[in-house]
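Asks: Below is a structure I'd like to ask you about.
The values are calculated or read from the model by the stated rules, or taken from the named source; none is laboratory data. No experiment lies behind these values; they were computed from the predicted model shown. Glycine also receives a Cβ, built like all others from the backbone with ideal geometry; neighbour counts cover every protein chain displayed.
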Amino acid sequence: MAGLTMKIEVQNLDKIKTLIELLSRYQNELPPDLVTALHDLADSKIIELGVDDFQKMANGYEIETDFPTSSIVSVNHVLNRVTYLDSFGKFAVAFPDKFKLGIPGKTIISWGNE
């Protein structure tokens, strides 16, 4: 079976990201089908924050985290997922109950720390 490749250009991607973030705040109140769809959307590069994103937000400051490793590759705050490099240099995934990443005096992203 031959594969089909399509290029889709999504305009206003920031609005889609905002909608995903807003819906994620109310996951406990959404119907199960909508939560599943939300997680499918969130499991994409739309909502994933990577090292480049952190560095832009940090604006030259040292990034601080309560995660046990400093080799964070990306963070998905909707799925509470952290992708990092383990001690062998391989990609690993964690779903910590609590997470915080920021710069001195400012939190960039966190969950479970309320």
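Here's the yes/no breakdown for (1) among the basic types (Lys, Arg); (2) in contact with a helix residue (DSSP H, G or I) (Cβ under 7 Å, 6 or more places away or on another chain):
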position	(1), (2)
23	no, yes
38	no, yes
57	no, no
78	no, yes
86	no, no
98	yes, no
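Asks: Working only within region 46-65, note down all residues that are surrounded by 12 or more Cβ atoms within 10 Å (Cβ to Cβ) and touching a residue at least 40 places away in the same chain (Cβ under 8 Å).
Replies: Hits for region 46-65 are 49, 54, 57, 58, 61, 63, 64.
Asks: Taking only pairs six or more apart or across chains, which ones have beta-carbon atoms under 6 Å, a first residue in region 81-99 that is more than 15 Å from residue 51 (Cβ to Cβ), and a second residue that is among the aliphatic types (A, V, I, L, M) and surrounded by 14 or more Cβ atoms within 10 Å (Cβ to Cβ)?
Replies: 86/92; 94/82
Asks: Determine whether residue 76 is at positive phi, modelled with pLDDT of 85 or more and surrounded by 15 or more Cβ atoms within 10 Å (Cβ to Cβ).
Replies: On the way: at positive phi: no; modelled with pLDDT of 85 or more: yes; surrounded by 15 or more Cβ atoms within 10 Å (Cβ to Cβ): yes.
So residue 76 fails the test.
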